[in-house]
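The next block holds one structure in the form of structure tokens; read it before the comments.
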Amino acid sequence: MNKENLKIYVILFRTLFARYKFHMIILTALGFINGILDAAGIGLLIPLFSLIVKNSSVSQSKVSVMIMEIFTTLGIPMTIASVLIFMSLLFIGKALAGFFLTVVRIYIVNEYENNTRIDLYAKTLHARWPYLLGQKIGYLENVMMIDLRATVTLLKQLCQTAPNMASFIIYLVVAFNVSWVITLITLGAGTLLLISSKPFIARTKKYTQRITMIHKIIAHRVNESVIGMKTIKASGVDECVIKREKKVFDELKKILMKSSLVQHGGTGIAEPLSFIFIALVFAFSYKHTAFDLAGFVVVMYLIQRIFTSVKKTQTALHAINECIAGTEQVLNLNAAAEANMEESAAQEPFVFTKKIEFRNVSFMYDANHPILTDVSFRIAKNEMVGIIGPSGAGKTTIADLMLRLFVPDSGEIAIDGKEISRFSLHDFRRHIGYVSQDIFLMNDTIEDNITFYDDSIDEARMIQAARMANIYDFVQGLDKGFKTIIGDRGILLSGGQRQRVILARALARK
């Protein structure tokens, strides 16, 4: 296990124990109970077979003695019927413990997935604008829906570790009590099998990293193509776009096939090897020792269980390495969003009664390209101001600075003499009506696009804004009026109508 993987496990375990400490304790306890009941049921096979074949040679083994003592303490005669009834009760108890274990695990995993998705989405929306500008279309969606599922799969594997280890330890204890020699040989064979699968596991991780990257490329390009579909069709380049994406899809198919073959090659060999090993042990025991059927059946069952545990471990290791790349993406997004959170410590309520001022404001996107240099002007309340100039002169930058999407490199922006950073960021932006060049409309009703998550805007205020934006008559002419769905990005409206809906949104906010 390398340092990067270990770091991911540590972060996940911290998250788990911080949020679900009680549930993890229950999960571990149920795992041990499940293993003990299973092992006890296995141990009962020895006296059962002894009774069936009427052979007392195995009755002095530690497992048999312990079980006989339990029957004696409970005052139950050891007969075939009583042993079968006791075994049935044990396996019913094991099934119940397994059911509750599954319920707890499902709760932890689904709760973690839901909380993490909400947390990532909220942190991204609260991130600074310069950070968001660098994000590609579709990446956030891919991380939240695909990479997060990889994290959840990894979490499932980690949640299964405690019960699986508990069962494995109990199998070993029982197996050592029955035949320590065969148990040691089985452990050695299982260890060699795990070591031999290491190259396959390393390849799985390598393939998964590439698969994760291709998923991001596909998510970005599909979203990009949908947004630019009209331009793609108008330019007649749809076949070129399809040809470009076909290469990515073909590469994804090849890597997925390779990854599946590697995983099967690593785990598929465990089952035939376990059978061969059992056959060799049977041949050796039958030919060279005082053969005992009851003890041998139990030993073979335990060997099979131990090899099954080895196979589960191999499968888990493949699954874990398959999930590492996606988990890294989730953790990286979370860390980046936290490092780029908007600062909004100020809680002073917004007040605007006199004027807005730019005082020697300078701003640049990078050191070699200054956009604004010592810009100063003032806008009185109720005054309308237009800023004109060539492309790249800084008109949009001034608007972005007023929106507090960017922070001036020097100088300050003040409202009624107070620097705008003193106002609560949320309260400040709630007092701004913004109509951008890039129109943003939801695939929702006209009403919801005008009110835009603001419950304080009632129907009368919405209608007034629609009249002022000169779109009310058009909306009234629609079959469903303000309840009309306008399609993705307002595609069912004309360009001018989309602009008027956006204008009505700004006016409704006053």
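The values are calculated or read from the model by the stated rules, or taken from the named source; none is laboratory data. Quick caveat, the model's predicted, so the values are computed rather than measured. Virtual Cβ from ideal backbone geometry, glycine too; neighbours counted across all protein chains shown. Note: accessible area is taken over every heavy atom of the protein model, side chains too, but ligands, DNA and RNA are not part of it. Shrake-Rupley method; radii C 1.70, N 1.55, O 1.52, S 1.80 Å.
The slack in the chain from Phe91 to Glu412, taken as 0.36 nm per residue of separation less the alpha-carbon distance, amounts to 108.2 nm. A convex hull fitted to the Cα coordinates of the range 408-474 yields 156 cubic angstrom per residue. Remark: spin-label model distance Lys253-Glu419 equals 6.0 nm, labels positioned 7 Å along the Cα→Cβ axis.
Across the range 429-510, Cα pairs under 8 Å and at least six residues apart give a relative contact order of 53 percent. Here's how it looks for Gly138: its modeled amide H is under 5 Å from none belonging to a residue 5 or more places away or on a different chain. Shape descriptor for the range 368-439: Rg over Rh equals 0.94 (Cα atoms; Rh from the Kirkwood inverse mean 1/r). Using the 1.4 Å probe convention, the accessible area of the range 76-195 works out to 51 Å² per residue with neighbouring protein chains retained. The 3J(HN,Hα) values that the Karplus relation (6.51, -1.76, 1.60; θ = phi - 60°) gives for the range 213-226 are, in residue order, 5, 5, 4, 5, 4, 5, 4, 5, 5, 5, 4, 5, 5, 5 Hz. Gly and Pro appear as x. Across the range 73-84, rounded Karplus estimates of 3J(HN,Hα) from the backbone phi angles (6.51 cos²θ - 1.76 cosθ + 1.60, θ = phi - 60°) give 4, 7, x, 10, x, 7, 10, 4, 5, 5, 5, 5 Hz, Gly and Pro being marked x. Whole-Hz Karplus values for the range 405-419 come out as 6, 10, 10, x, 6, 7, x, 8, 10, 10, 10, 6, x, 9, 4 Hz, taken residue by residue from phi with 6.51 cos²θ - 1.76 cosθ + 1.60 and θ = phi - 60°; glycine and proline positions read x. Specify whether the C-alpha gyration tensor of the range 464-510 places it in the rounded, prolate or oblate class, a ≥ b ≥ c being the square roots of the eigenvalues: rounded for a/c under 1.5, otherwise prolate if a/b is larger than b/c and oblate if not. Oblate shape, in that a/c is at least 1.5 and b/c is the bigger or equal ratio.
Length available on full extension from Lys354 to Phe22: 0.36 nm per residue minus the Cα-Cα distance, which gives 113.8 nm. Between the amide H of Phe350 and those of Ser424, distances stay under 5 Å, these residues lying 5 or more places away or on another chain, with hydrogens modeled in the peptide plane. Figure legend: label point modelled 7 angstrom from the Cα of Asp479 along Cα→Cβ; residues of the range 441-462 with amide N under 20 Å from it are 443-448. In terms of its alpha-carbon gyration tensor, the range 332-402 comes out oblate; a/c meets the 1.5 threshold, while b/c is at least as large as a/b.
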